[in-house]
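The block underneath contains the structure these notes are about, expressed in structure tokens.
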Amino acid sequence: MPEIPEIETVRRHLTEKVQGKIIQKVEIAREKSLNVPGDIFAASITGQQVVSVNRRAKQIIIGLANNHSLVVHFMLEGYARFFYAGEEAAGTPSVTLTFHTGEKLSFFKLTLGYLHLAPTVKLADIPELAGLGPEPLSPEFSLDIFRQRLSERRAMIKPLLMNQEFIAGIGNVYSNETLFCSKIRPERKTTTLTEAEQSKLYHCIRDILALATRLGGVYEEKFAADDILTGGFEPHLKVAYRTGQPCYICRSSIETKRVGGRNAFYCPVCQR
Ligand SMILES: [Zn+2]
């Protein structure tokens with residue numbers, strides 16, 4: 001599932017390629033991905049200009065001129081792909097928007113994900129975005145706030161990092177990477193973390209998410225034919241999906257085990 005760096009990469013691409021353009025045609029192959037009937041959805045957004053593209057947690061909010069927004073959640077498999085005018089739009093998209101320029105934006109594999117139409121209100125008031133924890137890259141997310149929130153929980157640290165009510169936008173890949181960076185075992189209880197470990201973890205979260213965002217994350221689906229950004233962080237992964245390969249620091253084999261129902265990847269020597 002895409003996490004903050006991957007969704008930020010999509011947001012940047014959408015801002016560059018789609019913002020300011022007018023939706024001329026809407027094709028819906030999977031009405032189940034919507035929250036309103038297809039004809040109402042199409043009628044509501046046809047002729048509308050895209051005025052903004054924002055992100056909250058793992059969701060993208062595409063603002064339209066008529067004070068409505070499209071809220072996109074890719075969940076496990078979904079992705080967006082942009083096609084230039086004249087380019088053949090390959091594959092079987094769930095929903096395709098054609099712009100006045102002849103360019104297309106297709107949303108694929110929205111089987112678990114969705115494309116919802118919502119009135120543009122404050123982001124926090126959109127039901128899909130309610131109850132989410134703080135954005136880890138926001139200026140408001142300070143070390144003090146992180147410590148305070150940790151002190152209110154008694155949980156294993158890796159599942160907690162992936163809990164969207166605790167912090168928004170972190171999933172399996174970056175919970176593994178930030179715990180390796182801070183030398184903390186994924187199954188450690190929050191109550192056992194020292195102040196130094198809490199501080200290290202906080203800075204690892206900020207640094208890794210920021211670097212991964214700058215480098216285009218690890219998401220493998222390209223946004224457009226000339227996309228050279230997406231996936232640029234992949235060579236920088238230290239533990240995620242590296243089971244059996246040597247740790248870059250101590251050369252021990254990276255191990256994997258189930259923690260909180262998900263695969264944890266860790267170095268048995270570096271992480272304590
Ligand atoms: Zn190691």
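The values are calculated or read from the model by the stated rules, or taken from the named source; none is laboratory data. Please read all numbers here as calculations on a predicted model, not as lab measurements. Ideal geometry is used to build each Cβ from the backbone, glycine not excepted, and the neighbour counts take in all protein chains shown. Side chains are part of the model used for accessible areas, which takes the heavy atoms of the whole protein and leaves out ligands, DNA and RNA. Shrake-Rupley method; radii C 1.70, N 1.55, O 1.52, S 1.80 Å.
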Revision key, fill the gap. The residue from Ile157, Ile254 that alone is touching a strand residue (DSSP E or B) at 6+ places or on another chain (Cβ under 9 Å), among the β-branched types (Val, Ile, Thr), open to solvent by less than 20 Å² (accessible area, probe 1.4 Å) and within 16 Å of the ligand (Cβ to nearest atom) is Ile254
Review point. Among the residues of the stretch 166-176, is there at least one that is among the aromatic types (Phe, Trp, Tyr), surrounded by fewer than 22 Cβ atoms within 10 Å (Cβ to Cβ) and not in a helix (DSSP H, G or I)?
Key: yes
**Study point:** Candidate set from the stretch 231-242 (those that are out of contact with any helix residue (DSSP H, G or I) (no Cβ under 9 Å at 6 or more places or on another chain) and surrounded by 14 or more Cβ atoms within 10 Å (Cβ to Cβ)); member that is farthest from Pro2 (Cα to Cα)
**Key:** Arg242
Check your understanding: If you check Glu87, Glu27, which single one turns out to be among the acidic types (Asp, Glu), open to solvent by 40 Å² or more (accessible area, probe 1.4 Å) and assigned to a loop (DSSP other than H, G, I, E, B)?
Key -> Glu87
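Among Lys222, Lys238, Lys183, which is the only one that is part of a loop (DSSP other than H, G, I, E, B), within 27 Å of Met75 (Cα to Cα), within 16 Å of the ligand (Cβ to nearest atom) and in contact (Cβ under 8 Å) with a residue 40 or more places away in the chain?
Sole residue among the options that is part of a loop (DSSP other than H, G, I, E, B), within 27 Å of Met75 (Cα to Cα), within 16 Å of the ligand (Cβ to nearest atom) and in contact (Cβ under 8 Å) with a residue 40 or more places away in the chain: Lys238.
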Check your understanding: Mind checking which residues of the stretch 53-75 are in a strand (DSSP E or B) and not β-branched (Val, Ile, Thr)?
Key -> Asn54, Arg55, Arg56, Gln59, Gly63, Leu64, His68, Ser69, Leu70, His73
